[in-house]
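The structure under discussion appears below in the form of structure tokens.
Nothing in this text is a laboratory measurement; each read-out follows from the coordinates by a stated rule. Given the structure is predicted, the values throughout are model-derived calculations rather than measurements. We place every Cβ from the backbone using ideal geometry, glycine too, and count neighbours over all the protein chains shown.
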């Protein structure tokens, strides 16, 4: 008699939420975990995966990705290869994610934050409260999870920023912030301003390390310690940090200069002119890496090719600068408060279609470095981010949980098998999953399902986002 659709056998399982670590078999059926035991009978399974010598984690939940800026939506496949089964799109539009998922989806689940883009989605940096309410209402009704403020790149006034956070909270929506306004940039001052503007409201502080690059105090290490101290004093907020040495930004021009303020700062810091010519020179010198989409994923071009591609695409490409310090990444990933809680809630990547999906590769390196335990890594990459999004059936592997998991090689630090909803979506680098699910609110689920889009309603009122701190 077949009891399991899929049996993951003889792997070393790590489930931080349920305090389970060791050699366990995992039986999956009908998209759920049905049994966890040291020994399950393979004769009772329709299919068996031999995980001997491998690590078995809950599917990774990445609370900061970007999927919609590539033409072929290759980020969905890139995430599946990296072991991610659920993610938060931070700054696209839900309509674009739905189209990308239909064309190139890999079977993973995505929540989408519609971005506040002055001159595009809202009138400008001083948009009125009524306009913000109208945009949020329309976004939620179309299936978005909430709002993303791109202050570091596309700043709003402090007043509009504060109002946007307030409006999202009043609507019970999610809101995340790349810190920065028209008064303070993407730096430590911008982070401190964000904490002040938020007050007692709830907010997701994006990529904490991005504000600690030595721009305000001369020392990135000094800034990260100040940032961590400030975040520890605001435990009602959630946050994430990432490992990648390169940032992600845009080369797109407006009136002859880069539209993104982050791009402008990076050029200035490297000694380059803030102009089209400065971008080309930075690419040619190798200081700036130009991203190019290929059928398998997004890659960084070599300097000469990058400069040529930049001009060929009329600067409408994504780019990266080597501005993230290894020391700040380590501290943000590992530091705890005086109650033993991680100060930065989760590990994320700011990846997706940006080639820095490093949760497994760099996370397991920190385990080898004795900076994190396996359980600590799984907590920050699976359980904590699932709770941030209000997804109690994800991020762990107890019976009844969603059958989302990743099997990883402890030596190469790569995913060898990714399972979402009980289905194998990636095996040895080959993505075989398709479609996917939009994580949404009650307001968006009905509209999505009416359009034939698979939707799952998150429990935002019960989420860590709206209930932090929580042990």
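Computed values, structure above
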quantity: Principal-axis tilt of helix 276-285 within the chain, Cα atoms, nearest 10 degrees; calculated: 50
quantity: Span from the region 163-212 Cα centroid across to the region 337-372 one, whole angstrom; calculated: 21
quantity: Reciprocal of mean inverse Cα separation for region 1-83 (Kirkwood radius, Å); calculated: 14.4
quantity: Length-normalised contact order for the chain - Cα pairs under 8 Å, 6+ apart - percent; calculated: 22
quantity: DSSP beta bridge pairing in the chain, given as percent antiparallel to the nearest 5; calculated: 50
quantity: Pair residue 253, residue 398: separation of 7 Å Cα→Cβ label points (nm); calculated: 5.7
quantity: Computed lengthening from residue 52 to residue 71, 0.36 nm per intervening residue step minus Cα-Cα distance; calculated: 3.0 nm
quantity: Contour minus Cα-Cα distance for residue 446 and residue 1 (0.36 nm per residue); calculated: 156.4 nm
quantity: Between region 217-282 and region 400-437, the alpha-carbon center distance in angstrom; calculated: 32
quantity: Taking N as its residue count, the alpha carbon Rg of the chain over 2.2 N^0.38 Å; calculated: 0.93
quantity: On Cα atoms only, tilt of 129-141 relative to the major axis of the chain in degrees; calculated: 30
quantity: Relative exposure of 242, 135, 23, 466, judged by other C-beta atoms within 10 Å (fewest first); calculated: 23, 466, 135, 242
quantity: Acute angle (nearest 10 degrees) that the helix 158-170 long axis makes with the longest principal axis of the chain, alpha-carbon atoms; calculated: 30
quantity: Theoretical gain in end-to-end length, residue 275 to residue 30 [0.36 nm per residue, Cα-Cα removed]; calculated: 82.7 nm
quantity: Overall dimensions of region 248-321 as given by Cα atoms, namely Rg and Dmax in Å; calculated: 11.0, 34
quantity: Sequence of 29, 327, 320 once ranked by neighbouring C-beta atoms within 10 Å, starting from the fewest; calculated: 327, 29, 320
quantity: Sequence-separation-based contact order of region 248-321, relative, with Cα cut under 8 Å and 6+ spacing, percent; calculated: 34
quantity: Length-normalised contact order of region 175-253 in % [C-alpha pairs under 8 Å, at least 6 apart]; calculated: 30
quantity: Separation in nanometres of the label points that stand 7 Å from Cα toward Cβ, at residue 411 and residue 292; calculated: 3.4
quantity: Inter-label distance for residue 159 and residue 200, nm, one decimal - labels placed 7 Å from Cα along Cα-to-Cβ; calculated: 2.4
quantity: Helix-derived mean residue ellipticity, 222 nm - over the chain, DSSP H n ≥ 4, -39500 (n - 2.57), to 500; calculated: -8500 deg cm²/dmol
